[in-house]
Amino acid sequence: MIRSILPIAVLGVVLAGCSEKQGGTPTAGSDTPTTTGTSAKPTTTSSSGTSGGLESFDACAAVQAAAGQLPLTEIEPNGKAGCDAEFGTSVSLGVKAYPSLGISDFVMGPNSKPSDITIGSRKARKVGAPAGGTTSSCAVTIEVTAKSRVDVVASANASQDEACDAATKLATAIEPKLPK
């Protein structure tokens, strides 16, 4: 039962970046440096500057590393940038990287209870009952840059407090693995 709730909660978080329609034709980004300026010494920039290096972040490797200090089992990839796990016997967790969405882009649900917190040395936001979640779900979204983040979403059998506790513990454990 708990495994069926987590995908719904994660879906709500995934849809956080899909709330506005933009006209035009989509094109793939490039990590090829671009040269700008007219001086004899051109300036080089990269299109991946806002992601904070999250393109190469391995959510399951981070969760697996945390398994030594937390009761994590059933660690499985969920798409390209996500990972699911069980925390103890009553909480399902999902970790997902968002290279182009900051914590301010996180979509709240009608019953969400957000609070600004700190995880390690990073800004973060804890959200009880996130969009697409239930009253016994919680998300901790960790800022990597102003425009990139990693979410830890939890759904518990018993209570929102249990979900928030598990999400906060896993977020704290994986924070050192996030790109600086």
Added length on full extension, which subtracts the Cα-Cα distance from 0.36 nm per residue, K177 to D161: 3.2 nm
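Run the numbers for Q69 and S121: contour at 0.36 nm per residue of separation, minus the present Cα-Cα distance, in nm. All intermediate terms of the calculation are to be shown ahead of the outcome.
Values: separation 52, 0.36 × 52 = 18.72 nm, distance 1.97 nm.
Gain on extension, Q69 to S121, equals 16.8 nm.
Just check segment 97-139 against the gyration tensor rule for me: Cα atoms, a ≥ b ≥ c as the square roots of the eigenvalues, rounded for a/c under 1.5, and otherwise prolate or oblate depending on whether a/b exceeds b/c. Before the final figure, lay out each step's value.
On the way: a/c = 2.22, a/b = 1.44, b/c = 1.54.
Oblate shape, in that a/c is at least 1.5 and b/c is the bigger or equal ratio.
Which semi-axis lengths, in whole Å and largest first, follow from the square roots of five times the eigenvalues of the Cα gyration tensor of segment 123-172? Show your work: numbers first, answer last.
Working: eigenvalues 78, 24, 9 Å².
Sorted largest first and rounded, they come to 20, 11, 7 Å.
Grab the alpha carbons of segment 83-178, take their convex hull, and tell me the volume per residue in Å³. Spell out each step's value before the answer.
Details: hull volume 8.0 nm³, N = 96.
Considering the Cα atoms of segment 83-178, their hull volume per residue is 83 Å³.
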Normalised contact order of segment 66-166, rounded percent, pairs of Cα under 8 Å and 6 or more residues apart: 25 percent
If we count every other residue with Cβ under 9 angstrom of L93's Cβ, Lys/Arg +1 and Asp/Glu -1, where does the sum land? -2
Which value, in Å², gives the accessible area per residue of segment 57-180 when a 1.4 Å probe is used on the protein heavy atoms? 42 Å²
Calculate the spin-label point distance for K80 paired with T135, positioning each point 7 Å from the Cα along the beta-carbon direction, and give it in nanometres. 3.9 nm
Estimate the FRET efficiency between A146 and T89 by the formula 1/(1 + (r/R0)^6), using the beta-carbon distance for r and 41 Å for R0, to the nearest 0.05. 0.60
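If packing is taken as the average number of other Cβ atoms within 10 Å across a peptide's residues, how do 140-153, 89-102, 66-79 rank, most packed first?
Working: 140-153: 25.0, 89-102: 22.2, 66-79: 14.4.
Averaged packing, sorted descending, gives the order 140-153, 89-102, 66-79.
Heavy atoms only, probe 1.4 Å: what % of the accessible area of segment 86-180 goes to carbon and sulfur, would you let me know?
Details: 1940 of 3740 Å².
Carbon and sulfur atoms account for 52 percent of the accessible area of segment 86-180.
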Descending packing, highest mean Cβ count within 10 Å first, for 103-110, 172-179 is 172-179, 103-110
Just how large is the dipole of segment 115-176 about the Cα centre, in debye to the nearest 20, putting +1 at every Lys and Arg Cβ and -1 at every Asp and Glu Cβ? 260 debye
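The values are calculated or read from the model by the stated rules, or taken from the named source; none is laboratory data. The structure presented is a predicted model; accordingly, all values stated were derived computationally and were not measured. Ideal geometry is used to build each Cβ from the backbone, glycine not excepted, and the neighbour counts take in all protein chains shown. Please note that ligands, DNA and RNA were not included when accessible areas were found on the heavy atoms of the full protein model with its side chains. Shrake-Rupley method; radii C 1.70, N 1.55, O 1.52, S 1.80 Å.
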